[in-house]
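A.B. asks: Sending over a structure as structure tokens; questions will come in a sec.
Rule-based calculations on the coordinates, nothing more; no lab input. The structure presented is a predicted model; accordingly, all values stated were derived computationally and were not measured. For neighbour counting, all protein chains shown are included, and Cβ atoms are generated from backbone atoms with ideal geometry for every residue, glycine included.
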Amino acid sequence: MKLHGIHVPHKKNTAQLPPVRLEPPKTVAIPMSMHIGRPAKPVVKRGDEVKVGTLIAEADGYISAPIHSSVSGKVQKIDEITIMNGSKVPCILIDSDGLQTPDDSITPPEVHDLESFIDAVKNSGSVGLGGAGFPTFVKFVTKDLSVFKYVIINAAECEPYITSDTRTMLDRTDSILRGIEAMKKYLGVKNFIIGIENNKPEAIAKMQELTSKTDGVTVKVLPAMYPQGGEKVLIYNCTGKIVPKGGLPLDVGAIVINVTTLAFIAEYLQTGMPLVEKCVTVDGSAVKEPKNVIAPIGTMIGDLLEAAGGCKEEPAKVLYGGPMMGIAVPSLDSPILKNTNAVIAMDSREAKPPKTTPCINCGSCINHCPLKLDPREIAIAYKTNDAESLEKLCVDLCMECGCCSYICPAHRPLVQTNKLAKFVLRQYQNSKKEGK
Amino acid sequence: MMNKLISSVSPHFHTPRSTQMIMLDVIIALAPAEIAAAVIFGWRALLIVAVCAGTCVLSEFLFEKLCKRENTISDLSAVVTGMLLAFNLPVTIPIWQAALGSVIAIIVVKQLFGGIGQNFANPAITARIIMLVAFSGDMTTWIAPGGFFTDVNASTSATPLKAMTDGTDLPSYLDLFLGRHGGSLGETCALALILGGVYLLVRRVISWHTPVAFIGTVALMSLVCGKDVLGQVLSGGLLLAAFFMATDYATTPNTNLGKIIFGVGCGLITILIRFWGNYPEGVSYSILIMNILTPYISKLTRSKPLVGGVEE
């Protein structure tokens, strides 16, 4: 069985451009929620001196992540910021002294067994850098190491424009190798699969070169078909296994880790410098000189766009992430986060929303859904508030990849409807639970 | 610059393809058959097509205006309906009847059920059936092909299917293929219809499932029943229906398995009517009946979400 998907324009304009390092901006704004889970708790206050890598917020609870200063300087204030899900979280503003002095306490972590490895990954502040932002260490916690059968290294990078993972593969090949060795050593995994879309021949060549240096690593060249990098899609295409609904990759013995996350962990083990900077693809039709930029976390999108030569015209829409799943930002004064892998600025032509027309029942949405959902029926069930049907139609399986909305010739907002329908279903299931 | 950015939900890219472009593709695919109709049955064929398409668009425009609904004539679906209805009429049909049929197709069959995408029966097919009942004389008067300047008052001729039923002489396969025989103005030229069908397949407007299942069933059943296979496939409205009307999105199933079931059903009903029914041709009825069954077929063949738990 072949999973469905769509062909999107690649627009990998920046694949050949080695990243440039951004001068530290005057001020960075670091929100306490850059990961899935509870926001981190600030441990600094106004006026505190911080250096690069200084812990400024600690993890709050199990699924959370610590946060470190990305510049050296002084804490200006702790403000509030509205994050993408609409909730308000604290945000630490730091004035940079421009020196980027590393914190004195930065030393390579002592890692000798699984527990200390997990602690190190936890302390590094690592979260899924491909976009999801799930705290990395959680994936490694287990009572029984034999459950880990494969590590799938997600290097598909199926979104248009984005090339930051491609650059990781080209520029940080050794780190990837060291990351694999560390996972072999501490997690006992023998089987590594690097999944890459076939539109990145140079990265594939680099990774194939790497496999000759170590055992148990295969490079899986995948067709450039969106959403190849979606977790469930990638697992299926690499191992032939389907992650059950509501389950985790571990249910089929897989750990999925983004290639840049892996490289970062290896670098942290070597230097002890936590996650304080990010390579971000700056591109889009409004950008003058598309490029990859390494910037301190908390840099404003506006500063990043300046680093890419500014804009040809005032951007009409600016995204965190790629055009398929990226989030439109409210203003250029939004900071880049740990899991920001691209900033896409679209001109008014590219951002122009298509006109929505009535559904003609062509079936394109059904015949392109990687998870074989029926967005047309879901939309009808949602419209009639029919939670029972939504449950049967498995709307909670939807990963919001956007294939249905992309392919719809009537340009109906199908993903948006799925998101709303999921909420209706969740309410229904909660009330059913309470009733029992 | 604050608050001037567009905020919208992902995805931020969309296919350039639109309903209008799909309908335009269908119109392009119908063009060869329209030209063939003019060459075979004369200029009046073009007039009938123009009357039907024009009346369909006008009816849709006026009805939506009257109901204060959003105007949808720019999606071109009314043009397609008009062309298809015209293709199913004899070239000699009185203009007022063609116009009335178009009004029925758009208002009664399409708009009263909610407009594009909502109607359960194919507007062109249903209107044709209503006309066949209402104007049975005019709807079954066939003239022999006479070139671009055909005299519509010329003597009548039988359609190949009628000839087969009656046991009289059939046109040659070449004449069947090129459409040089009596019949509805757009259904006779197999060559032009196949060209159009291939265009739709290449442009991915339709998938192969319905036409292959429909035509395949008719061919297979003809073989089983000991009839002239090629004659059955090339005669009547089969090719027009299989490529252009059994593939209508709104009124047919949207999964591949559903399309195959739909096509096979159409083929079987066509054969039943052609071989054992009172009418020489059964394509229109087969599609209408299968249209009615479509919600059930859709329900039975709905795509199964990938919930996992089974290894494949």
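A.B. asks: Cut-off is 10 Å between beta-carbons; in what order do A:136, B:15 appear when sorted fewest neighbours first?
C.D. replies: B:15, A:136
A.B. asks: For the stretch B:119-191, what is one quarter of the convex hull surface built on the Cα atoms, given in nm²?
C.D. replies: 6.4 nm²
A.B. asks: Relative contact order, percent, of chain A when contacts are C-alpha pairs under 8 Å separated by at least 6 residues?
C.D. replies: 17 percent
A.B. asks: Determine the gain in length on full extension of the stretch residue A:426-residue A:202; use 0.36 nm per residue of separation and subtract their C-alpha separation, reporting nm with one decimal.
C.D. replies: Additional length available on full extension: 76.2 nm.
A.B. asks: When only alpha-carbon atoms count, how far does the stretch B:1-101 stretch along each of its three principal axes, as whole angstroms with the largest first?
C.D. replies: 66, 33, 18
A.B. asks: Provide, for q = 0.13, 0.15, 0.17 Å⁻¹, the log10 of I(q)/I(0) from a solvent-free Debye sum over equal Cα point scatterers in the stretch A:314-436.
C.D. replies: -0.64, -0.80, -0.94
A.B. asks: For the protein assembly as shown, what percent of Cα pairs sit more than 49 Å apart?
C.D. replies: Tail of P(r) above 49 Å: 32 percent of Cα pairs.
A.B. asks: Sticking with this structure for a sec: Express the relative contact order of the stretch B:153-258 as a whole percentage, based on alpha carbon pairs under 8 Å and six or more residues apart in sequence.
C.D. replies: Relative CO of the stretch B:153-258 lands at 27 percent.
A.B. asks: Please get the size of the charge dipole for chain B, origin at its Cα centre, with Cβ charges of +1 on Lys and Arg and -1 on Asp and Glu, quoted in debye to the nearest 20.
C.D. replies: 760 debye
A.B. asks: Given the protein assembly as shown, what percent of its DSSP beta bridges are antiparallel, to the nearest 5?
C.D. replies: The antiparallel proportion sits near 60 percent.
A.B. asks: To the nearest whole number, what is the average tally of beta carbon atoms from other chains within 10 Å of the beta carbons of peptide B:299-305?
C.D. replies: 5
A.B. asks: Mind checking which lysines have their Cα closer than 20 Å to the Cα of residue B:68? Skip sequence neighbours fewer than 8 apart in that chain.
C.D. replies: Cross-link targets: A:355, B:110.
A.B. asks: Could I ask something else about it? Answer rounded, prolate or oblate for the stretch A:143-272, using the Cα gyration tensor with square roots of eigenvalues a ≥ b ≥ c: rounded when a/c is under 1.5, else prolate when a/b is larger than b/c, else oblate.
C.D. replies: oblate
A.B. asks: Reachable lysines from residue A:245, Cα under 17 Å, same-chain residues fewer than 8 places away excluded?
C.D. replies: Those lysines meeting the cut-off are A:232, A:372, A:392, A:419, A:422, B:304.
A.B. asks: Report the percentage of all Cα-Cα pairs in the stretch B:28-73 whose separation exceeds 14 Å, rounded to a whole percent.
C.D. replies: Cα-Cα pairs in the stretch B:28-73 separated by more than 14 Å: 60 percent.
A.B. asks: State the antiparallel share, in %, of DSSP beta bridges confined to chain A, rounding to the nearest 5.
C.D. replies: Expressed as a percentage, antiparallel bridges in chain A total about 60.
A.B. asks: State the extension gain, in nm to one decimal, for the chain segment bounded by residue A:313 and residue A:251, taking 0.36 nm per residue of separation less the distance between their alpha-carbons.
C.D. replies: 17.5 nm
A.B. asks: Further question on the same structure: What FRET efficiency do you get for residue B:103 and residue B:152 if R0 is 22 Å and r is their Cβ-Cβ distance, rounded to the nearest 0.05?
C.D. replies: Between residue B:103 and residue B:152 the formula returns 0.45.
A.B. asks: For B:300, A:397, what's the fewest-to-most ordering of other Cβ within 10 Å of each Cβ?
C.D. replies: Listed from fewest to most nearby Cβ atoms, that is B:300, A:397.
A.B. asks: Here is a follow-up. Per-residue ellipticity at 222 nm for chain A, helices alone: DSSP H runs ≥ 4 residues times -39500 (n - 2.57), over residue total, nearest 500 deg cm²/dmol?
C.D. replies: Counting only the DSSP helices, I get -8000 deg cm²/dmol.
A.B. asks: How would you rank A:218, A:163, B:252, going from fewest to most other Cβ atoms within 10 Å of each one's own Cβ?
C.D. replies: Going from sparsest to densest Cβ surroundings: A:218, B:252, A:163.
A.B. asks: Now for a separate question. Given 10 °C and 1.306 mPa s, how large is the Stokes-Einstein diffusion coefficient of chain A in µm²/s, with Rh as the Kirkwood radius over Cα pairs?
C.D. replies: For these conditions, the coefficient is 70 µm²/s.
A.B. asks: At 7 Å along the Cα-to-beta-carbon direction for both residue A:112 and residue B:4, put a label point, then send me their distance in nm to one decimal.
C.D. replies: 6.1 nm
A.B. asks: Looking at the square roots a ≥ b ≥ c of the eigenvalues of the Cα gyration tensor of the stretch B:177-297, which shape do they give, rounded for a/c under 1.5, prolate if a/b is larger than b/c, or oblate?
C.D. replies: In terms of gyration-tensor shape, oblate.
A.B. asks: How many nm separate the modelled label positions at residue A:388 and residue A:36, each set 7 Å beyond the Cα in the direction of the Cβ?
C.D. replies: The answer from the label model is 3.2 nm.
A.B. asks: Suppose only helical runs count, i.e. DSSP H with n ≥ 4. What mean residue ellipticity at 222 nm does that imply for chain B under -39500 (n - 2.57) per run, divided by all residues and rounded to the nearest 500 deg cm²/dmol?
C.D. replies: Result for chain B, helices only: -17000 deg cm²/dmol.
A.B. asks: What Kirkwood hydrodynamic radius do you get for the stretch A:364-435 when you take the inverse of the mean 1/r over all pairs of distinct Cα atoms, in Å?
C.D. replies: Hydrodynamic radius (Kirkwood, Cα only) of the stretch A:364-435 equals 12.1 Å.
A.B. asks: Please give the average number of partner chain Cβ atoms lying within 10 Å of the Cβ of each residue in B:15-21, rounded to a whole number.
C.D. replies: 6
A.B. asks: Residue B:195 label point, 7 Å along Cα→Cβ, cut-off 18 Å on backbone N: hits in the stretch B:77-120?
C.D. replies: Under cut-off, by backbone N: B:84, B:87.
A.B. asks: With the Cα gyration tensor of the stretch B:19-297 giving a ≥ b ≥ c as the square roots of its eigenvalues, does the rule (a/c under 1.5 for rounded; else a/b larger than b/c for prolate; else oblate) give rounded, prolate or oblate?
C.D. replies: In terms of gyration-tensor shape, oblate.
A.B. asks: Mind computing the radius of gyration and Dmax over the alpha-carbon atoms of the stretch A:1-141? Å is fine for both.
C.D. replies: 17.8, 60
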